1. If I model a spin label as a point 7 Å beyond the Cα along the Cα-Cβ vector, how far apart are those points for Arg247 and Leu443 in nm?
2. By how many degrees, 0 to 90 and rounded to 10, does the Cα axis of helix 10-24 deviate from the longest principal axis of the chain?
3. Mind giving me the nanometre distance, one decimal, between the label points for Val316 and Gln203, set 7 Å out from Cα along Cα→Cβ?
4. Averaging sequence separations of C-alpha pairs under 8 Å and six or more residues apart, then dividing by the length of region 1-100, give the relative contact order as a whole percent.
5. Have a look at Pro417, Ile596, Thr325 and report the one farthest towards the positive end of the charge dipole of the chain, computed about the Cα centre with Cβ charges (Lys/Arg +1, Asp/Glu -1).
6. Using helices alone, I'd like the mean residue ellipticity at 222 nm for the chain: each DSSP H run of four-plus residues gives -39500 (n - 2.57), total over residue count, nearest 500.
7. Straight-line reach from Lys500: which aspartates and glutamates have Cα under 13 Å away, leaving out those fewer than 8 places along the same chain?
8. By how many degrees, between 0 and 90 and to the nearest 10, does the Cα long axis of helix 127-142 differ from the longest principal axis of the chain?
Amino acid sequence: MSTKHFFSDPSHLVTSALTSLTLTNPSLAVDLPNKIIYRRPSPSSQHSHRQITSIISGGGSGHEPSFSGLVGEGLLSAAVAGTIFASPSAEQVRTAIMGRVDDNDNNNNRDNKDGGGGVLVTVMNYTGDVLNFGMGVEKARAAGVRVEMVVVGDDVGVGRRKAGKVGRRGIAGTVLVHKISGALAAMGYGLSDVARVARLVAQNLVSVGASLEHVHVPGRGKQEEGLLGDGEVEIGMGIHNEAGSSREVVGLPELVGKMLKQMLDQEDEDRAFLRVNSNEVVLLVNNLGGVSVLEMGGILTEVVTQLEKTWNIRPVRILSGTYMTSLNGLGFSITLLNVVNTDLGGPSMVELLDYPCEAVGWSAPITKRTWEEKNTATREQDASNGGEVLPSGLKMDASAAQEALTRGLQSVVAAEPDITRYDTVVGDGDCGIGLKRGAEAILKHLQSHPLSGDAVVDLARIVPIVEREMDGTSGALYAIFLNALLAALRSQGQGEASAKVWASALKQSCDTLSRYTPARPGDRTLVDALYPFVDVLGQTGDVGQAAEAAQNAAEGTKGMKASLGRTVYIGGSGFEQVPDPGACGLAAFFLGLAGIKKVDEGWEKL
């Protein structure tokens with residue numbers, strides 16, 4: 001692993017790299033505070049009423065030219081960048097959707113029921129990306145934007161058994177989804193067609209990677225553990241140094257043979273995600289960043305030769321180059337697209353791949369017309385949340401609600417040492433601190449902004465605090481849930497915010513959350529405490545009984561093997577020693593809210 005870099009500051013590196021795209025492609029602009037690359041509004045589009053579907057993608061930096069290098073005419077409309085190997089925030093995503101792509105200026109894509117306009121958000125299947133992009137999508141939908149989200153998981157390097165509910169990771173096959181959907185949008189197809197075909201492409205992709213080394217992130221210390229030995233190659237390694245399926249000392253022909261078998265062998269039930277039975281197959285051989293052009297040529301020849309000799313596959317299109325990297329990863333990935341009918345009555349997948357585009361990360365050059373336009377237009381307007389929240393008429397006792405909420409938050413703060421201890425055993429030790437930070441921030445807000453008694457207004461003022469102060473996966477989960485709860489409360493109409501009303505809204509929020517995480521009761525997550533609380537509250541209308549159910553369920557996670565989260569990768573027997581920290585933190589909040597605590601085998605008022 002080489003630890004030498006020209007940049008020691010990773011933040012400066014990311015913004016400098018984003019800026020460079022506006023220098024090599026004059027049609028692009030950059031919003032540096034939000035790390036968004038987007039297409040400049042052209043003079044012709046500003047006077048046109050044609051509604052174009054916009055396509056947004058993004059993720060952690062370090063995978064260039066994905067995603068920012070794929071922004072341009074005929075491909076992506078905008079890309080949102082996080083720090084190196086880390087998801088961008090939901091606020092970055094929302095800003096991109098609502099203020100950095102076409103059709104928003106004149107609200108052409110809002111509440112539009114025909115085929116035109118709208119925004120497609122395409123994201124790779126990583127927990128942080130799915131949650132943060134999903135939260136941004138939900139916030140845009142709540143504001144009236146027509147938006148669809150497609151999650152791509154094409155990596156077969158980790159099979160079904162190990163991947164579990166998380167599913168396949170997204171890797172280089174994602175760029176084919178971008179190219180095909182971008183061409184459809186450029187041809188004038190509406191959001192529903194573009195999203196449907198994007199999902200169809202994703203369903204017909206298989207990919208796998210291999211690398212000779214882990215990569216080193218600029219600004220980090222030298223990694224000493226988990227490095228590959230001399231001559232070893234890791235088959236199935238992910239694009240963030242994630243573990244693959246095996247480490248072996250093999251030559252290139254044997255390596256390619258093993259990789260193709262993982263993608264194509266129908267007898268491998270753990271990896272037979274797709275039967276490649278089309279007469280047309282597209283091959284993409286992708287450089288992970290550190291392989292020489294000379295070696296990439298040799299690798300491509302080996303792949304094409306084995307495809308024909310062993311699998312009787314002769315690709316109709318062959319793409320080879322650098323499309324999705326892992327910084328300077330000394331490896332490559334292979335992707336196969338099974339070409340199927342798009343049912344559009346028009347262009348095929350292959351024709352859409354051939355459709356011209358203008359993006360520095362694709363093979364099409366920047367045109368003379370673009371250089372000569374000398375376009376300097378930008379999109380610097382703020383994508384606002386819509387100002388002050390209007391009263392909803394859904395009323396509650398402000399004083400009692402403030403007292404209960406304060407108790408709940410104080411209970412979370414008091415539980416931090418136990419939660420931190422639990423998370424040190426089964427996680428990375430930050431769960432308790434994150435919950436405490438969020439709780440203390442809301443408590444501080446309540447001191448200067450007491451609850452008004454309008455359930456929607458009060459929750460709307462708290463949601464941004466959670467989004468700002470709570471990070472990581474749990475922060476994204478809470479933010480998605482609370483945004484969904486806000487929308488659900490709005491739909492309840494006017495009147496008393498009774499326990500029945502809250503239970504109904506909470507149930508809707510659970511349903512929304514389930515679209516962004518596969519976590520269900522029994523998976524050892526905060527959901528183990530959430531669902532029992534919501535169910536019992538709906539059945540009884542009693543907050544105390546619901547809180548008791550949540551606490552009992554949280555305690556019941558002790559000994560429960562995790563299906564999701566960092567604990568899955570850590571392994572060990574820690575799950576037998578302590579309950580799930582996230583579930584315990586949420587249960588502590590519910591107990592405080594209800595004004596009770598557990599004493600021996602019973603319950604006592606606080």
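What follows is calculated from the coordinates using simple rules that are stated; it is not laboratory data. Predicted, not measured: the structure shown is a model, and the values here were computed from it. Glycine also receives a Cβ, built like all others from the backbone with ideal geometry; neighbour counts cover every protein chain displayed.
1. The answer from the label model is 4.6 nm.
2. The angle comes out near 50 degrees.
3. That separation, rounded to one decimal, is 1.9 nm.
4. After rounding, I find 26 percent.
5. Of the options given, the answer is Thr325.
6. The per-residue figure over the chain is -13500 deg cm²/dmol.
7. Within the straight-line limit of under 13 Å, Lys500 reaches these aspartates and glutamates: Asp535, Asp542.
8. Value to nearest ten degrees: 70.
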